[in-house]
Amino acid sequence: QVQIVESGGGLVQPGGSLRLSCAASGSIFNIYAMGWYRQAPGKQRELVATVMRVGNTNYADSVKDRFTISRNNAKNTVYLQMNSLKPEDTAVYYCKFIAYDTDYWGKGTLVTVSS
């Protein structure tokens, strides 16, 4: 059984920083990419950032130069460093591990940016 668990969400003031972590455990194989997605109230889930197992990264325009995705392949862990947070970054953030035959989603962690 595969478990994907996110952590690190919370309440932060505008301009602040948070670091999200996501760890996969169990029988998880053939992962070639990991990603972070988010869903704000009343909106569709959207891509935030992805990182390939070999290191290539991709970011949504709205978070470029503010967020950094990184991974530890040996630990099956992916991180999202979020700086200069804005109220519009408020959302539930989901982690996804992408395998050749399936995807694994976490249950999400809430990030609230507010003064």
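Scan segment 60-114 residue by residue and report those that are open to solvent by 10 Å² or more (accessible area, probe 1.4 Å), more than 30 Å from Ser27 (Cβ to Cβ) and touching a residue at least 24 places away in the same chain (Cβ under 8 Å).
Result: Ser62, Asn83, Ser84, Lys86, Pro87, Glu88, Thr90, Thr112, Ser114.
Of all residues in segment 56-97, count the ones that are of a type in the set (Lys, Arg) and out of contact with any Asp or Glu (no Cβ under 9 Å at 6 or more places or on another chain).
Final tally of qualifying residues: 4.
Quick check on segment 35-59: of everything there that is open to solvent by 20 Å² or more (accessible area, probe 1.4 Å) and under 16 Å from Lys86 (Cβ atoms), which residue is modelled with the lowest pLDDT?
Filtering segment 35-59 for residues that are open to solvent by 20 Å² or more (accessible area, probe 1.4 Å) and under 16 Å from Lys86 (Cβ atoms), the one modelled with the lowest pLDDT comes out as Pro41.
Pick from Gly106, Gly35, Gly55: which is farther than 17 Å from Arg19 by Cα and of a type in the set (Gly, Ala, Ser)?
Unique residue meeting the criteria: Gly55.
The values are calculated or read from the model by the stated rules, or taken from the named source; none is laboratory data. In this text, all values refer to a predicted model and were calculated from it rather than measured experimentally. Because the Cβ atoms are built from the backbone with ideal geometry, glycine has one as well, and the counts that use them run over all protein chains shown. The protein model used for the area step is the full one, side chains on, heavy atoms only, and it has no ligands, DNA or RNA in it. Shrake-Rupley method; radii C 1.70, N 1.55, O 1.52, S 1.80 Å.
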